[in-house]
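First comes the structure, then the notes that go with it.
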Amino acid sequence: MELGTMADIADVLGGIIVVGGAVFALVQLREFRSQRRDAVAVEIIRSFQDTEFSRVLNLVRELPDGASLEDLRERGAGYHSAAMTVATYYESIALLVFRRIVPFAIVRELTGGICVVAWRKLATWTMQVRQEQHHDSFAEWFQWLAERLMESDEDKNANPAYRRYANWRAKD
C-alpha cells in the first residue's frame with residue numbers, strides 16, 4: 001500500500017472519529033440536561049414537603065384574594081413573613097424557568113395552580129410593597145411566572161390532572 005493511500009485512509013478514519021466524538025458529546029450533553037431538569041423537579045417537590053414551607057403556604061392560602069399590605073400587618077408578622085417566603089420561593093422557580101434550567105411544563109404540572117392562587121392572594125400586597133419601598137422589581141419574577149401560568153391555562157383551556165388523565169392506567 002502506498003504512503004498516499006494510507007494517508008487518505010487515515011484522513012477518512014480521523015474524520016469519522018471526530019464526527020463520532022462530536023455525536024457522542026452531543027448525546028452526553030442532552031443526557032446531562034435531562035438529568036439536571038429531573039434534579040430540579042425533585043428539588044421543587046422536596047420544597048413542598050418541607051414543613052416550614054407548607055406552613056407558610058397555608059398561611060398565604062388563608063388570605064383573601066387581593067390581600068393588602070395593611071391586611072397582612074393586621075394579621076401579624078407571621079403572615080408578612082409567609083408572604084415574603086412564598087414570593088421569594090416563586091422568584092427562584094421563575095428565574096429557573098426563564099433561564100430554561102427547568103422546563104415550564106414541569107413547573108406548570110408541579111406547582112402551577114398553587115402559584116396562581118398565591119399570586120391572586122398576594123398581587124395587591126406586592127404592588128403596595130413596591131410602592132412603599134420604591135422598588136419596582138420586588139417579586140418581579142413571581143409576577144412573571146404567575147402571569148405565564150395564567151396565560152398557559154387560558155391557552156390550553158386547562159383541566160386539572162384528575163380530569164385530564166382520568167383514563168390513564170399503570171403499566172405493570
Of the candidates LEU110, LEU122, the one satisfying the condition of being open to solvent by less than 50 Å² (accessible area, probe 1.4 Å) and either assigned to a helix (DSSP H, G or I) or in contact with a Cys (Cβ under 9 Å, 6 or more places away or on another chain) (or both) is LEU122
Legend entry - Condition met for ASP71 (in contact (Cβ under 8 Å) with a residue 12 or more places away in the chain, within 25 Å of GLU140 (Cα to Cα) and charged (D, E, K, R)): yes
Cβ pairs under 7 Å, 6+ apart or interchain, first in the stretch 95-115 and of a type in the set (Ser, Thr, Tyr), second open to solvent by 60 Å² or more (accessible area, probe 1.4 Å) and at pLDDT below 90, ordered by first then second residue, are none
Taking the stretch 98-147 and keeping residues farther than 27 Å from TYR162 by Cα and of a type in the set (Phe, Trp, Tyr) leaves PHE98, TRP125, PHE138, TRP141
### Filter pass, ARG37 being at pLDDT 85 or above and within 22 Å of the chain's Cα centre (by Cα)
no
Restricting attention to the stretch 28-53, the residues that are loosely packed, with under 13 Cβ neighbours inside 10 Å and closer than 12 Å to ALA83 by Cα number exactly 0
Being among the acidic types (Asp, Glu) and open to solvent by 60 Å² or more (accessible area, probe 1.4 Å) is the requirement here; does GLU91 meet it? no
Those residues of the stretch 125-172 which are open to solvent by less than 100 Å² (accessible area, probe 1.4 Å) and among the hydroxyl-bearing types (Ser, Thr, Tyr) amount to THR126, SER137, SER152
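The values are calculated or read from the model by the stated rules, or taken from the named source; none is laboratory data. None of these values were measured; they are calculated from a predicted model. When we count neighbours, we look across all protein chains shown, and the Cβ atoms used for this are built from the backbone with ideal geometry, even at glycine. When the accessible area is computed, the model is the full protein with side chains, heavy atoms only, and any ligands, DNA or RNA have been set aside. Shrake-Rupley method; radii C 1.70, N 1.55, O 1.52, S 1.80 Å.
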